Amino acid sequence: MQKIYEVLCGVAKSDSVGTTKLSAKSIAAEMDTLEIICVIVIWDDNLSSKHRAIHRKGECHWSETTGTGDNRHTHHYHGSEKLFEFQVWIHGNSIKFTNEAGRFFFPFNFILSPVLPSSFEGLHGHIRYQIFAEIDKPWKFNHKTTRAFTINEVIDTNLPNYNTVLSGSTHKEVGCCCCAAGPLDLTASIDRSAYCPGEIILIAAEARNSTTRDMTGMKAQLYKHIEYIANHGRKRCSEKVAVIQGPPIPKGESASWQNQPFLIPAACPTILTSSVIKVWYELCVEIDVSWGFDPTIRMQIIMGTVPHFSTYYQPGPNFQPTQFQPNPELQSQTPGGFMGYPQMSQPLYVPMVGATATNIIDGNDTHSFGNLNYIPVYAFNNMQQPQINGLPVSNQISSVVDQQPVNPMLLSQPPPTRYGSTN
């Protein structure tokens, strides 16, 4: 008679209120205690076995080809880091034992490292956290299951070093020699340097068109830059995440933005703590010049996971945010709060714009099963949209809007356009 075995793996997160079963999104933050439940189901017959569970890692890889003909060479690059690994025999040990038919639960837990980069799935690499459960069957193929869970690194946008106003200015002479058309001047600033997806960037900008040509208009674009790091090479990719376009600027005239709202779509956090993958963001304000280089102001911003308190309320004059430390007493006294901020609601956790599912097992592995398709999910500010002049900010954005979702329900739009790549 054929024997049927199944291993199921669930994940739970412990907090001050109690232990709750996570959904399939499986979200965790630094310093959380993960409680894992391994469920063994055995039908028809007894099973002699051992069981274990492990967790891990981040890696990147890509290939580059140079030359032509006989001089054509392909170079392969690979980088990896072991973020952590935890292994335990959850039932049994090196000595064989026998389970009768039935359903068995084996709970265990461990504390996450205090410094872990956020989960990430990219074109050339990933930072991935997984739980494995395995039935070790002597003289037979082991039965294995795995489940990925998402880490959101704690990046608090309320810290004082993120409250600095970012600004810049630039000047450009349009044309040259006998075709000179005159100067363009641009200044721009934003209210702070760190934001959470779902929040609004308020842009102040002024463009002076002192040329003899009409300009297409001012434009603001948010870029995500990704750097993959191997032992003997680096690869950088850039993606345009969102853009807003202002109206044309006639020759001899000016245009200005006063607190122009720019809504940040769902995106992964800034990643600077990994040795193989870096992710950072840049807001570019520019004048769109036809048939020429655009004068551009670039401002690097941090994409955080803890929203700014100004989204919810104005704090008192003595309020000073500090580096986040777990505080169970505070959390238990303010059940509606988030990360120690009493009036801040829990963010939503959603995939970034354009995300697609990834198969998390080796293509040659035919003995693992479970939910093998994985999409990481990230903090998205679940705020009530603020109003300007009595109208929602989504009605205040310039008429030309590209990939600028106004709520998480719009996250099914096509993937963002790839803007460029350099090796």
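In this entry, Pro107 is excluded by the filter for residues that are surrounded by fewer than 17 Cβ atoms within 10 Å (Cβ to Cβ), part of a loop (DSSP other than H, G, I, E, B) and either in contact (Cβ under 8 Å) with a residue 12 or more places away in the chain or touching a Cys at 6+ places or on another chain (Cβ under 8 Å) (or both).
Restricting the first member to the stretch 279-299 and to residues that are farther than 20 Å from Met352 by Cα, and the second to residues that are of a type in the set (Gly, Ala, Ser), the beta-carbon pairs closer than 6 Å and six or more apart or on different chains are Val285/Ala188; Val285/Ala205; Val285/Ala220; Ile287/Ala207; Asp288/Gly217; Ile297/Gly168; Ile297/Ala188. Kindly establish whether Ala266 is small (Gly, Ala, Ser), more than 28 Å from His171 (Cβ to Cβ) and crowded, with 17+ Cβ neighbours inside 10 Å. Yes. Counting just the residues of the stretch 204-230 that are among the aliphatic types (A, V, I, L, M) and over 30 Å from Glu121 (Cβ atoms), which one comes out surrounded by the most Cβ atoms within 10 Å (Cβ to Cβ)? The qualifying residue surrounded by the most Cβ atoms within 10 Å (Cβ to Cβ) is Met218. Residues in the stretch 269-298 that are surrounded by 20 or more Cβ atoms within 10 Å (Cβ to Cβ), within 23 Å of Cys237 (Cα to Cα) and hydrophobic (A, V, I, L, M, F, W, C): Ile271, Val276, Ile277, Val279, Leu283, Val285, Ile297. Taking the criterion of being of a type in the set (Lys, Arg) and in contact with a Phe, Trp or Tyr (Cβ under 7 Å, 6 or more places away or on another chain), the residues of the stretch 235-263 that qualify are Lys235, Lys240.
Scan the stretch 172-188 and tell me whether some residue there is part of a loop (DSSP other than H, G, I, E, B) and modelled with pLDDT of 90 or more. For the stretch 172-188, residues part of a loop (DSSP other than H, G, I, E, B) and modelled with pLDDT of 90 or more: absent.
Yes/no matrix, rows are residues, columns are (1) under 30 Å from Arg128 (Cα atoms); (2) at pLDDT below 90; (3) part of a loop (DSSP other than H, G, I, E, B); (4) among the basic types (Lys, Arg):
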| site | (1), (2), (3), (4) |
| --- | --- |
| Ile244 | no, no, no, no |
| Cys268 | yes, no, yes, no |
| Tyr281 | yes, no, no, no |
| Asp294 | no, yes, yes, no |
| Ile297 | no, no, no, no |
| Ile302 | yes, no, no, no |
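Condition check ((1) in contact with an Asp or Glu (Cβ under 8 Å, 6 or more places away or on another chain); (2) hydrophobic (A, V, I, L, M, F, W, C); (3) buried (at least 17 other Cβ atoms within 10 Å of the Cβ); (4) under 22 Å from Gly217 (Cα atoms)) across all residues:
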position	(1), (2), (3), (4)
Asp156	no, no, yes, no
Thr170	yes, no, yes, yes
Cys179	no, yes, no, yes
Tyr195	no, no, yes, no
Glu199	no, no, yes, no
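Scanning the stretch 342-365 for residues that are modelled with pLDDT under 80 and polar (S, T, N, Q) yields Gln343, Ser345, Gln346, Asn359, Asn364.
The values are calculated or read from the model by the stated rules, or taken from the named source; none is laboratory data. The model shown is predicted, which means the values in this text are computed figures rather than measured ones. Quick reminder, even Gly has a Cβ in these numbers, built from the backbone with ideal geometry, and neighbours come from all protein chains shown.
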